[in-house]
Every structure is written in structure tokens, then in C-alpha cells.
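Structure first, commentary second.
The values are calculated or read from the model by the stated rules, or taken from the named source; none is laboratory data. Please read all numbers here as calculations on a predicted model, not as lab measurements. Don't worry about glycine lacking a Cβ; one is built from the backbone with ideal geometry, like all the others, and counts go over all protein chains shown. These area figures cover heavy atoms from the full protein model, side chains too; ligands, DNA and RNA do not enter into them. Shrake-Rupley method; radii C 1.70, N 1.55, O 1.52, S 1.80 Å.
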Amino acid sequence: MQLAGVSLLLLQLWLLLSGFVAGRVTYDQRSIVINGQRRILISGSIHYPRSTPEMWPDLIQKAKDGGLDAIQTYVFWNGHEPSPGQYYFGGRYDLVRFIKLVKQAGLYVNLRIGPYVCAEWNFGGFPVWLKYVPGIRFRTDNEPFKAEMQRFTAKIVSMMKAEGLFEWQGGPIILSQIENEFGPLEYDGGAPARSYAEWAAKMAVGLNVGVPWLMCKEDDAPDPIINTCNGFYCDYFSPNKPYKPAMWTEAWSGWFTAFGGAVPSRPVEDLAFAVARFVQKGGSFVNYYMYHGGTNFGRTAGGPFIATSYDYDAPIDEYGLLRQPKWGHLRDLHKAIKQCEPALVSSTPSLISLGNYQQAHVFKSSAGSCAAFLANYHSTGDAKVTFNGLQYVLPPWSISILPDCKNAVFNTAKVNAPVVQAKMTWAGGFDWMSYNEETSADQDRAFTKVGLVEQLNMTWDSTDYLWYTTEVDVGEGEPFLKSNQYPTLTVMSAGHSMHVFVNGQPAGNAYGSIDSPKLTFSGPVKLWAGSNKISILSVAVGLPNGGEHFETWNVGVLGPVVLNGLAQGKRDLSWQKWTYSIGLKGEHLGLHSLSGISTVEWAGVNPRQPLTWYKAYFNAPAGDDPLAVDMGSMGKGQVWINGQSIGRYWPAYKASGSCGSCSYAGTFNENKCLSNCGEASQRWYHVPRSWLNPTGNLIVVFEEWGGNPAGISLVRRTLDS
Ligand code: GAL
């Protein structure tokens, strides 16, 4: 006993010295070691471009007050390198400023460089121009891809070093991540995938960041990289080597919303239970994904069909307000865990059975501290258990934390934090003017090709929109001209939505879904004798963010495009001459911008017209409550304020799914904890305060379907006191 105590002391001394001498963050089997100290670290994801720099200090402070030690963020390549070699680190992409603010607050940073990030972010964070690098194949053993990935990763690392942001430099970054959830792909991808994963690991380690590298969901992560867990629960997880600590990089606090999907949530009791369960098994790093989800401003949402809100049911809501009781209950959990830290970092737990479904995990340090976690895994009924001669009542599916092995200071199912409702209240309407968009390819910018083109090849994702226009000659003798049994037009598209116009008149629209982005339009078209113009506006709704072979993904009308019901029977239009134009005329004129707004004549409003631009001026509502625009009366489109894109809106896409009863007791089922079924997936769209002037703000809406702008209003988000 005496000897064990002495050797532990020596070990601690050695750790202290090595931490000090090397000046680096290290790890052992128990935890991350910072300056010689093993640490139980609680972290939370806040993605800097999903809020504004003006919001960052408050979000970070709220994270700190919530008991977090660290902030985790991905690095968003396509935001930082919009075209090859042209870097951008300003505004919401000011990564250095964000990290420095975290440091100022006294928190650490877990920097997930990726640079593939998934994250429901457009194209998984890859710049779309990467798709057009000759010979590229994504996320596999491919030289052009590896060269670009290495260049960007090295660029970020050297930037962090130059700013002194790694821990050994006195900065806050204690952990870094390369790739993201590559394990499942490696399993499918065979030898090239394996050698890519090995290369990525070596490349990362070669950058000498001086802090441990992580690879999440990558069982094969080569030494010294730590493989980590992502999921709703991670208590089953062990790292791939006994000398690596158990780390949970994504503890999902909720889930994302897709247009057309119901709104997910996760009860805090279950989240707290999952975290306590991980820690009692020896887990030493937990990161909430997301702690603040925020907003997919502009065209940053991935998917396709990811909503503009990335609220995620996170402890801090999309608008930066505390979500209670979630935030408070987790704060209480963190406090209880922190009280146990000396015992937790000193030992592996010993396990005591307290009943069929009940267990105690006990941690003891040589200095005499003792902490216990008492768990009840049964999903119904309280359990009465005896531990160390004392009686405890454990609610179903819960864990009590005893930082002194006696007093239960916290139970995951007993929520003491207050329940606080957020509400949206009317804060102003708008006086609209309108401008009609073209209903076919814009002649001034048009180009023609024989056959159908892939959309991304044309747009490089500079816009959601691509026009496909063609002519169809109809002979005087066509029988349908008399019978009014109009021919049927069938248009097949690889994604994601489309509007069809015939001779300038709307003929209908079609759209896919998150589960099946492909779509087919099929409907009667009123053709007349002579020449007819068929125009299809193909609309992308965010590029896929998950998977491999990004080089093969397609968007747009790839065909066939067929007319049925003519005298000749069927006429295939796919291989005739098509006229294209990239983007909308209004986009080209910059109608959404402060400088472009007056390039056209605006008229009075004729509601329910498809393809219409609206503009209005307004004053900022007084005070500093967060704001949103209520787009409930609209169909689908985009909205800008003072030239800043609030994002895509699509309240007309109603949430499908079954909104079940969401119980916390028992394994979490994300298909049950859903709300908004039959309603808009997203009705309110965050307007950051800092984008507004006191008076004379410009709001511009581009409506595709034909909503009623009279129903749009500004709303305040407040918390019930
Ligand atoms: C994970 C991924 C994250 C995010 C999450 C779902 O698998 O690593 O980037 O996409 O799923 O929100």
C-alpha cells in the first residue's frame, strides 16, 4: 500500500515534469494530461460560422457558466477558401478571433480540422471547386485529393502556430482532429481506403502540432492518434489501445432538422444519464454535439434539404438563449462530475452489483478521495439500493453521483433547473414592393448546348439556380389542340427541386427529400400550335455532406425529359437543343444587395406570384432580444437583410413523420422525440441583431412558389420568466 502510494507520487511527479519539460498536452490510459495533470474534460461544440462574431463572447461565456472546460469546433474549408488559393478569414469565418475569445474566457479548444467535416454543412466542408481538380477522387488514396487536403490542413496548423494558439505556446488548443468518421468508409473501401486513413494520420502527426490528434469513429486510428466515439451513448466504447483514454467527441444533444422533416429533441434526463454512464465507465472527455447549434446562414446548409436552423435542441438555443432546463441540468451534472475529478482521474472504477439492474462504480484515490456513481438501468420504477450501508432511491434509467461516496449530490433524472418556455412575439410588419423574375433562361446571359447538362458542372455552386429552356414545335393538326387533353411532360432530375414553366406560365413544381433527393415532375402542359417554350428552373437545396466519392455527385435535370400524348406518341426532348442560364436574373443584378437593389423598377405587390422578388425597409425593434422573420405565409426561397443572407426558407415543406411521445426512460429513440408533424419544418429564421441598423434596414425575399408576403413579420424571441 505504502509502496503503491509512493510510486503513484513518483508517476505524478514524472507526469508533471514531462508535461512541463515537453510543454505539451499528452495522454495516458486514463485521460488527457495537461501540464502533468490528468483531466476530466467537458466540452461543447459551437461552430463559429453558425453565429456572428458579436454573439461569440456571450455564447462562450454561457458555455463556461454551464460548466464546460472546452469548446469544440470544426474548421470549414469551403468558407475559408472559396476559390483556390483565395483565403477568407473575416466575419463569421474569423477562426483566430473565435479561438482567442475562447482563450480569453479561460476555456480550451478542440480543433477539428477535418478538413472533411460532414456537419450538415454544404458539401461536408469541401470547396466545390475541389470537385473539378483533374483526376480527383475524394477521401481515398488519390494524389490530387491528398495534396489539397494536406495543403489546407498545413495552412490551418501554421496559422494556429503563428498566432500562438496551441497549448504549449500558451494558447487554448489542446486537441486536434483529422478526418471525420472515416471508419465505416474504410471498412467498405478496402485497401485504398486503408492506405488513405494511414496517410491522413501520418500527415497530421507530421505537422507537429504538439497536442494529441483525434480520429472520431475510426477504430483503426494508428498510434499515437486516439480513436474516439460519436453517438447518443458511448458507454460501450473502448479505444483501440489500452494506453489511450476513452473520449466521446460527439455526445448528440439532439439532432438536426431537415426541410420536410419533424423537429428532433432529446430529453436532458437521458443525455445526462448517457454522460454519467460514460464517465462512470472511465470516460474522461465528453463533448456535446451541439452545445450551441446556431444557424446555417446563406447557402451553407448541406444535406440536401438541411434546414436553415441548426438549433439541434442544444443547451444554448439557435438564438443564443439558454434552453432550460437542459442547460441548467447539464451544468449541475458537470458540477457533480467536477467534484469527483480527484477520485476519477486517480483510478479505474471498481464495480459493485446493487441489484439485477443496479450497479455502483466506485473511484478511489490514494490521497483518500472516494467518488461513486449509483446506476439504475431499468426503464420503469424506482429502485431502492443499499451502498456502503446507506439507502438510496434511484429513479428509472438514472445515475446518482456521490462525490464523497456518501451524499448523492445529483441524479440524472431529477431535474432541479427551471423549465423555461421561449416564445415568439410580433415585432413589426413590412410594406412590400415587388419585381417579377424571368420565367425562362435569361437571354442576355444564355448559352446553348445539345442535350441536358449536370447542374454543378455549370454553376460550381455559385447559385442554387440553373435554367433549362427548350422549344417544342406543335403542328396545327395535333388532336389535343381540339380535345384539350394536353400532353404530359415528364422531367427527371438528380435533385433537388424544380419549377416548370410553359410559354411563361407556371406548370407546376416538384421536389425531393432528404432521403431521396432525386425527383420527377410529371404533369399536363398547355401547348399551343407553333413554337412553345418549355423552361425548367432547377434548384439545388444544399449539397450532400456525408459519404465518399463526392466527385460523382450530380444535381439537376439529367433527363430524360419526355412529352407524351402527341400524335406521334412520345417525343424525347433530352437530346435537342437547350438554352441555359446560370442563376436568376435578380441574382445577377444583385437585387439582394444594397448596391443592386435599385437597378430595377419595383412595383406594387400581386401576392401568390411564383418567382417574385420582394423588398421592404424597416426599423430595428427596440431592445436587444434576438429577432427572427416569421416566413409562415411563404412557400420556398431565400431571404436577405441588408445584403446578408439569412438563408433558405421553406415553410411550405411540412414535417412528415410521427411525433411520438418522448420518454426519457429507456434507450433513446430519435424517431420518437419529434415535434411539428404536419406543420412547417421551419417557420422562423434568425436575424442576427448585429446585421441591423437602428433605422432603414432593407429586407429582400426571393419567393419561388408564390407565397403571400403580407404574412411576413419580424418577431422577438423572449424567455418566459
Ligand atoms: C456525425 C458527424 C457530424 C454530424 C452528425 C450529425 O456523424 O460526425 O459531423 O454530421 O453526425 O449531426
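The numbered conditions (1) free of Cβ contacts under 8 Å to residues at least 24 places away in the same chain; (2) assigned to a loop (DSSP other than H, G, I, E, B); (3) hydrophobic (A, V, I, L, M, F, W, C) are all true for Val453 except (1). Checking each residue in segment 251-263 for being within 10 Å of the ligand (Cβ to nearest atom) and open to solvent by 10 Å² or more (accessible area, probe 1.4 Å) picks out Trp252, Trp255, Phe256.
Please determine whether any residue of segment 308-319 is in a loop (DSSP other than H, G, I, E, B) and β-branched (Val, Ile, Thr). Yes, some residue in segment 308-319 is in a loop (DSSP other than H, G, I, E, B) and β-branched (Val, Ile, Thr).
Every residue, every condition in (1) of a type outside the set (A, V, I, L, M, F, W, C); (2) surrounded by fewer than 18 Cβ atoms within 10 Å (Cβ to Cβ), yes or no:
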residue: Tyr614; (1), (2): yes, no
residue: Phe618; (1), (2): no, no
residue: Asp625; (1), (2): yes, yes
residue: Trp650; (1), (2): no, no
residue: Gly657; (1), (2): yes, no
residue: Ser661; (1), (2): yes, yes
residue: Glu670; (1), (2): yes, yes
residue: Phe702; (1), (2): no, no
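Summed over segment 318-338, residues that are in contact with a Gly (Cβ under 7 Å, 6 or more places away or on another chain), surrounded by 24 or more Cβ atoms within 10 Å (Cβ to Cβ) and of a type in the set (D, E, K, R) total 1. The residues of segment 569-608 that are touching a residue at least 12 places away in the same chain (Cβ under 8 Å), out of contact with any His (no Cβ under 9 Å at 6 or more places or on another chain) and under 14 Å from Asp444 (Cα atoms), listed by number, are Thr579, Tyr580, Gly583, Leu584, Lys585, Glu587, His588. In summary, Met290 fulfils each of the numbered conditions (1) within 14 Å of the ligand (Cβ to nearest atom); (2) closer than 30 Å to Lys244 by Cα; (3) of a type outside the set (D, E, K, R); (4) in contact with a helix residue (DSSP H, G or I) (Cβ under 8 Å, 6 or more places away or on another chain) with the single exception of condition (4). The residue of segment 293-331 that is farthest from Asn411 (Cα to Cα), among those that are among the polar types (S, T, N, Q) and within 16 Å of the ligand (Cβ to nearest atom), is Thr300.
Pairing each residue of segment 252-267 that is among the β-branched types (Val, Ile, Thr) and at pLDDT 95 or above with any residue that is outside any strand (DSSP E or B) and crowded, with 24+ Cβ neighbours inside 10 Å, provided the two are 6+ apart or on different chains, yields C-beta distances under 6 Å for Thr257/Ala307; Thr257/Ser681; Val263/Thr257. What number goes with the only condition from (1) assigned to a helix (DSSP H, G or I); (2) buried (at least 21 other Cβ atoms within 10 Å of the Cβ) that Pro342 does not pass? Going through the list (1) assigned to a helix (DSSP H, G or I); (2) buried (at least 21 other Cβ atoms within 10 Å of the Cβ), Pro342 breaks only (2).
Pairs linking a residue in segment 296-313 that is more than 16 Å from Ser51 (Cα to Cα) to a residue that is of a type in the set (Ser, Thr, Tyr), with Cβ atoms under 8 Å and 6 or more positions apart or on different chains, are Phe305/Ser513; Ile306/Thr257. Taking the conditions exactly as written (open to solvent by less than 10 Å² (accessible area, probe 1.4 Å) and among the basic types (Lys, Arg)), does Lys281 satisfy them or not? For Lys281, the condition - open to solvent by less than 10 Å² (accessible area, probe 1.4 Å) and among the basic types (Lys, Arg) - is not met.
In segment 539-556, the residues that are under 15 Å from Thr308 (Cα atoms) form Cβ pairs under 8 Å with partners that are charged (D, E, K, R) and away from the ligand (no atom under 14 Å from the Cβ), at six or more places apart or across chains, as follows: Ala540/Asp461; Ala540/Asp464; Val541/Asp464; Val541/Arg648; Gly542/Arg299; Gly542/Arg648; Leu543/Asp461. Scanning segment 214-224 for residues that are within 16 Å of the ligand (Cβ to nearest atom) and either closer than 17 Å to Ile174 by Cα or of a type in the set (A, V, I, L, M, F, W, C) (or both) yields a total of 4. Could you list all residues from segment 39-57 that are surrounded by fewer than 21 Cβ atoms within 10 Å (Cβ to Cβ) and farther than 18 Å from Gly298 by Cα? Result: Pro57, single match. Selection of segment 133-146 for residues being in a helix (DSSP H, G or I) and open to solvent by 60 Å² or more (accessible area, probe 1.4 Å) yields only Glu143. Annotation note: Cβ proximity below 9 Å between a residue of segment 179-203 that is in contact (Cβ under 8 Å) with a residue 60 or more places away in the chain and polar (S, T, N, Q) and a residue that is more than 16 Å from the ligand (Cβ to nearest atom) and open to solvent by less than 20 Å² (accessible area, probe 1.4 Å) (sequence gap 6+ or interchain) occurs for no pair. The set of residues from segment 245-287 being among the charged types (D, E, K, R) and either under 30 Å from Ser516 (Cα atoms) or in a strand (DSSP E or B) (or both) comprises Glu250, Arg266. Residues in segment 378-403 that are touching a helix residue (DSSP H, G or I) at 6+ places or on another chain (Cβ under 8 Å) and of a type outside the set (A, V, I, L, M) were compared, and the one that is nearest to Val275 (Cα to Cα) is Ser398. Taking (1) touching an Asp or Glu at 6+ places or on another chain (Cβ under 9 Å); (2) touching a residue at least 24 places away in the same chain (Cβ under 8 Å); (3) within 16 Å of the ligand (Cβ to nearest atom); (4) open to solvent by 10 Å² or more (accessible area, probe 1.4 Å) in turn, Pro115 satisfies each apart from (4).
Just one residue in the set Leu698, Leu714 is more than 19 Å from Ser309 (Cα to Cα) and in a strand (DSSP E or B); that residue is Leu698. Given the criteria modelled with pLDDT of 95 or more, within 16 Å of the ligand (Cβ to nearest atom) and farther than 28 Å from Val286 by Cβ, does Phe145 qualify? Here the answer is no, as Phe145 does not meet what is asked. Whether a residue is of a type in the set (Ser, Thr, Tyr), touching a Cys at 6+ places or on another chain (Cβ under 6 Å), in contact (Cβ under 8 Å) with a residue 12 or more places away in the chain and surrounded by fewer than 20 Cβ atoms within 10 Å (Cβ to Cβ) was assessed, and Ser675 passes this test.
For segment 372-394, taking the residues that are more than 32 Å from the chain's Cα centre (by Cα) and in contact (Cβ under 8 Å) with a residue 60 or more places away in the chain, the one that is surrounded by the most Cβ atoms within 10 Å (Cβ to Cβ) is identified as Phe373.
Let's see how each residue does on (1) over 35 Å from the mean Cα position of the chain (by Cα); (2) more than 16 Å from the ligand (Cβ to nearest atom):
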residue	(1), (2)
Ser440	no, yes
Gln443	yes, yes
Trp467	no, yes
Glu476	yes, yes
Lys482	yes, yes
Pro517	no, yes
Leu543	no, no
Gly546	no, no
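Listed conditions (1) closer than 23 Å to Thr463 by Cα; (2) out of contact with any Pro (no Cβ under 8 Å at 6 or more places or on another chain) are all met by His686, apart from (2).
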